[in-house]
Structure formats: structure tokens, C-alpha cells
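These notes are about the structure you will find just below.
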């Protein structure tokens with residue numbers, strides 16, 4: 001049996017805000033493989049996350065196979081919508097959730113990590129946000145659309161630009177995407193489907209450019225629906241999960257650990273010749289061209 005050993009390696013996982021999302025599960029799985037974990041948490045919720053961690057609210061989710069707990073070596077507040085301090089608007093700087101924080105732009109966090117740890121080996125982009133996600137694309141404002149692109153797609157370009165020089169040769173980066181990038185998912189609004197399409201296009205171009213410049217690999221996982229806190233905010237997650245279970249080849253819930261195991265492979269040396277790929281981890285839903293629970297099939301069966 002192949003064993004993935006990441007001892008001596010450091011990973012920066014950006015976008016962990018609680019213990020329910022894919023980012024947390026990926027970080028935990030990397031840790032269990034021996035990797036040291038550095039966390040980047042969206043600046044406005046840093047206090048909530050740190051308090052929950054300290055008060056043991058995540059302890060059940062942190063449990064490893066041997067009974068010990070997943071832990072991180074340092075956490076940095078980050079808002080990947082801003083590259084440099086001068087990019088942060090004054091109203092954001094004065095916002096009560098930001099006011100006590102400093103150095104949370106991408107460039108500043110990169111400098112801090114370089115100072116604290118030197119080089120890293122793994123970068124995980126688990127970021128997606130749209131202020132108008134509940135609106136249809138037709139009703140999305142220009143401002144909301146561009147905000148979704150900035151937080152969900154350009155953020156990867158910024159991270160690779162600033163962290164690429166800090167990554168050891170033959171290191172690996174990973175992003176998380178969703179099949180709304182290429183197919184219509186009606187309630188996935190606010191420009192998020194467009195942002196995911198941009199993200200996947202950028203994955204391919206960055207794989208080439210960063211591969212040549214920094215000698216690193218960049219891939220993405222297109223994960224099926226998961227009932228995380230972030231997904232609940234979209235509003236249709238239960239319907240998406242039920243649809244997947246009714247129509248995917250594998251009729252079961254998707255476990256975050258299944259996505260994390262795929263991430264572990266892609267981020268390890270076992271995938272040393274794989275870059276620019278979008279790997280579907282969705283119980284096979286992406287291959288289906290017809291909805292098997294459609295009423296059209298009921299009609300044909302009656303005939």
C-alpha cells in the first residue's frame with residue numbers, strides 16, 4: 001500500500017472559517033499525513049474562529065484516527081480581495097471587524113509567512129464569496145459581479161503571484177471549484193458561476209506560467225454539494241444534495257473526507273506529473289446528461 005508522508009512539509013490553507021467545509025477537512029488530512037498547517041482565515045471572522053477553537057467547539061471534528069487532535073502552527077487573518085495595504089478602502093479599515101487587525105492583505109500575509117517560516121510546500125485556495133449570491137445573474141449588479149470575481153477567482157492569481165516565490169520547487173497548489181462553471185445551476189447566483197468558470201480557466205494558465213516560473217503544480221477539485229455553513233447561506237443546498245443522490249451514479253452523501261483524500265493525492269508527490277487538471281469528486285454527477293428522477297421517465301414507463 002502506498003503511504004503518503006508529508007513530514008517536514010508546510011501547507012498554507014486559505015479560507016478555513018469553521019470545521020464544516022472542505023478547507024478544514026483538507027487541512028486535517030494533510031496534518032494527519034505529517035504536514036504542518038498554517039491557516040488563513042477571512043479577517044472579519046478570525047475572532048469567532050479562534051474563540052470556537054479555544055473553547056473546544058471543534059474538538060470532535062479535530063479528532064484523528066489515533067485519537068489525537070488536528071492542530072495548526074499559526075493562523076493569519078487574511079482578506080484575499082486586497083493585494084496591498086493601499087488597496088483597502090477607508091470604510092473597510094474603519095469597520096469594527098477589521099479595525100483591530102493589521103497586515104491582512106495578500107502581500108502582507110506572504111511577507112509574514114516568509115519571515116516566520118521561510119518556504120512553504122503546499123498552498124490551498126478554499127475561497128469563494130459573492131455579496132449577491134442570492135440574486136440571479138440577471139439581477140446581479142456590476143459591483144456584486146466584480147466582487148465575486150475578485151474574492152473567488154482573482155484571489156487565486158494573487159496568492160500564486162505572492163506565494164509562488166515562497167514555495168519550494170516541485171511544490172503544489174490546489175483550488176476548489178464547482179460544476180456551475182460549465183453547467184447551469186439556477187440558484188447559484190451573484191456571479192458565482194462566472195467566477196468558478198474564471199477560476200478554472202485561470203487554473204490552466206497559472207499551471208503553465210507558475211510551472212515554468214516557480215516549478216510548482218496547480219490543480220483544482222470540483223466537489224459535489226456539501227452541507228457546510230457557507231453552502232447553507234446560498235439557500236438551496238438541501239435540494240442540490242437530494243438532486244445529486246437521485247441522479248449521480250453513486251447514490252450517497254458526499255463526505256468532506258472524500259474530497260480531502262483526493263486533495264492529499266494531488267498535493268503529494270504521487271501526482272508529480274499532474275498539473276492544470278480539474279478533478280471531479282462528486283459521486284460521478286458530472287458525467288450525467290439526463291436527470292434520472294425526471295418526470296419524463298415516469299411518463300415513458302407508463303407507456
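Taking 7 Å along the Cα-to-C-beta vector as the label spot, tell me the residue 290-residue 261 distance in nanometres, rounded to one decimal.
3.1
In percent, how large is the relative contact order of the stretch 97-186, given Cα pairs closer than 8 Å and 6 or more residues apart? Please list the in-between numbers first.
Values: 62 pairs, mean separation 36.8, N = 90.
Relative contact order here is 41 percent.
For the Cα atoms of the chain, what angle does the longest principal axis make with the long axis of helix 106-117, in degrees from 0 to 90, nearest 10?
60
Angle, helix 237-247 long axis vs. longest principal axis of the chain, Cα atoms, 0 to 90°, nearest 10?
50
Could you please state, rounded to a whole Å, how far the C-alpha centre of the stretch 30-69 is from the C-alpha centre of the stretch 131-187?
24
If I take every Cα pair under 8 Å that is 6 or more residues apart in the chain, average their sequence separation and divide by the length, what percent do I get for the relative contact order? Display every interim value, and only then the final one.
On the way: 535 pairs, mean separation 53.2, N = 303.
Relative contact order here is 18 percent.
Among DSSP bridges having both ends in the stretch 10-302, what percentage is antiparallel? Round to the nearest 5.
Values: 1 of 30 bridges.
The answer is about 5 percent antiparallel.
Mind pulling the angle between the C-alpha long axis of helix 256-267 and the longest principal axis of the chain? Nearest 10 degrees, somewhere in 0 to 90.
Approximately 60 degrees, to the nearest ten.
Relative contact order for the stretch 1-130: what is it in percent, counting Cα pairs under 8 Å that are at least 6 residues apart?
It comes to 32 percent, rounded to a whole number.
With a ≥ b ≥ c taken as the square roots of the eigenvalues of the C-alpha gyration tensor of the stretch 36-174, please select rounded if a/c is under 1.5 and otherwise prolate if a/b is larger than b/c or oblate if it is not?
Values: a/c = 1.56, a/b = 1.31, b/c = 1.20.
It comes out prolate by the Cα gyration axes.
What ranking do 270-281, 153-164 get when scored by the average of other Cβ atoms within 10 Å per residue, highest first?
Details: 270-281: 15.4, 153-164: 22.2.
The peptides rank, most packed first, as 153-164, 270-281.
Just to be sure I understand, if you calculate Rg and Dmax of the Cα atoms in Å for this structure, which of [x] 19.8, 66; [y] 19.4, 71; [z] 20.1, 60 do you get?
[y]
Which order do the peptides 178-190, 37-49 come out in when sorted by mean C-beta neighbours inside 10 angstrom, highest first?
On the way: 178-190: 17.9, 37-49: 20.8.
Final packing ranking: 37-49, 178-190.
Each value in this text was obtained by applying a stated rule to the coordinates, not by laboratory testing. None of these values were measured; they are calculated from a predicted model. With ideal geometry, Cβ positions are generated from the backbone for all residues, glycine too; neighbour counts draw on all protein chains shown.
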